[in-house]
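Before any comments, here is the structure.
The values are calculated or read from the model by the stated rules, or taken from the named source; none is laboratory data. This one's a predicted model, so the numbers in the text were calculated from it and none came from an experiment. Cβ placement follows ideal geometry from the backbone for every residue including glycine, while neighbour counts extend to all protein chains displayed.
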């Protein structure tokens, strides 16, 4: 049994229609996953700041301006709240 040329066209059109129906749903789910990732990262930063405040009774400075060797950059808030 051979498939004729018009049948290939019908199958291709059906595949295209299916793809056009599924693509927006996939893109929507990807965007939702990005939003959840952003929220999770913000939550982690908030928890880190809260943990720092509980430990030191103050929030970390935006940067430190202590006298440091010339080769060392001032530490940022991200370094101060990092667990490692």
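Looking at 16, 49, 20, 42, can you tell me which residue is modelled with pLDDT of 75 or more, surrounded by 11 or more Cβ atoms within 10 Å (Cβ to Cβ) and at negative phi?
Among 16, 49, 20, 42, only 49 is modelled with pLDDT of 75 or more, surrounded by 11 or more Cβ atoms within 10 Å (Cβ to Cβ) and at negative phi.
Of the numbered conditions (1) at pLDDT 90 or above; (2) surrounded by 10 or more Cβ atoms within 10 Å (Cβ to Cβ); (3) more than 26 Å from the chain's Cα centre (by Cα), residue 36 fails exactly one; give the number of that condition.
It fails just one condition, (3).
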